[in-house]
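Beneath this line is the structure, given in structure tokens, with notes to follow.
The numbers here are math on the coordinates, done by the rules we state, and not lab data. These numbers come from a predicted model, not from an experiment. As a convention, Cβ positions derive from the backbone with ideal geometry for all residues, glycine included, and neighbour counts pool all protein chains shown.
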Ligand code: GLU
């Protein structure tokens, strides 16, 4: 049974890039005769904007992208995340960490490691063998030399990452008491029986960590397809600073225009795709189904 999802973080309204991920995940589900769910990823509460969840749901609806089940909110699912974390603690697959960011920087400096990776510091493993008298702040997933993830992305092909070397022991429960995205997304995808994940390429780098977690939790690894990123005019990733304006979906014409732009980024034929969202979506489902073999073959 195919079940896909779109999992936006309500840090603002949908923009051109997020609509590409939404459309691709919807098309892939429809082309497979599967279900499509929406999950509001508001686990990182400090980054969320009040009301952005409803704005996103309204934008999706205006584009004709209607979930097959009622959306869920991660902020209401923390008991599930705790229930997943507890056995990992019991099995010593995670450990408490008392390091502040400053402690991590100092330990890295002492080891001659100064280069952050995507702004994230590779954790030097200070608390792996105990808290050394410090108070526990966060819980980290224990990686080892065997923590190498392999997966075949439907668009990017065979992928490998040595998570131990590239990322280090990563946080599952943060110092501020919030569950980390990595844990929440893995627990939710498993609990919602998501079989196919279709999302933007900016998230591909998280996949190896998520696969390690799936293995630790004994849940299946879904199929992955990471879609091309929509770049801003300056060639950078779209962000609010370089023109990732909120999508205009206020009128049916505007919604159709936004969808057409997203479809174009996915390599779909836009001309002759119809003059309303319903007929355009139907035309793209047919194209998606027929686009065989790669780039998007199942
Ligand atoms: N909530 C994440 C984001 O908006 C997406 C997570 C996912 O699709 O796995 O960037």
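Just want the ordering: 270, 38, from fewest to most Cβ atoms lying within 10 Å of their own Cβ.
270, 38
Under the rule a/c < 1.5 gives rounded, and otherwise a/b versus b/c splits prolate from oblate, where does region 62-138 land using the Cα gyration tensor?
Because a/c hits 1.5 or more and a/b fails to exceed b/c, region 62-138 counts as oblate.
Tell me whether the chain comes out rounded, prolate or oblate; compute the Cα gyration tensor, take square roots of the eigenvalues as a ≥ b ≥ c, and use a/c under 1.5 as the rounded threshold.
It is prolate, given that a/c is not under 1.5 and a/b is the larger ratio.
For the chain, find the longest principal axis of its Cα atoms and tell me its angle to the long axis of helix 252-265, 0 to 90°, nearest 10.
60 degrees
Roughly how far apart, in whole Å, are the Cα centres of region 118-155 and region 157-180?
Taking the Cα centre of each part, region 118-155 and region 157-180 sit 6 Å apart.
What shape does region 125-183 take by its C-alpha gyration tensor, where a ≥ b ≥ c are the square roots of the eigenvalues and a/c under 1.5 counts as rounded, a/b above b/c as prolate, and the rest as oblate?
Oblate.
Rounded to a whole number, what is D in µm²/s for region 149-298 from Stokes-Einstein with the Kirkwood radius over alpha-carbon pairs (20 °C, 1.002 mPa s)?
Diffusion coefficient, whole number: 120 µm²/s.
Taking springs between alpha-carbon atoms closer than 10 angstrom, which of 257, 51, 34 fluctuates most in the Gaussian network model of the chain?
Per the Cα network of the chain with a 10 Å cutoff, 51 tops the list.
I'd like the orientation of helix 207-217 relative to the chain: the angle between its Cα long axis and the longest Cα principal axis, in ° from 0 to 90, rounded to 10.
Computed tilt is about 60 degrees.
Exposure proxy check: 53, 189, 234 ranked by fewest other beta carbons within 10 Å?
In order of increasing Cβ crowding within 10 Å: 234, 53, 189.
Based on the Cβ-Cβ distance of residue 110 and residue 261, what FRET efficiency does E = 1/(1 + (r/R0)^6) give at R0 = 45 Å, to the nearest 0.05?
0.35
Cut-off 17 Å, label point 7 angstrom out along Cα-to-Cβ of residue 79: give me the residues of region 185-221 whose amide nitrogen falls inside.
188, 191-192
Kindly put 191, 145 in sequence by how many other C-beta atoms sit within 10 Å of each C-beta, fewest to most.
In increasing order of surrounding Cβ atoms, one gets 145, 191.
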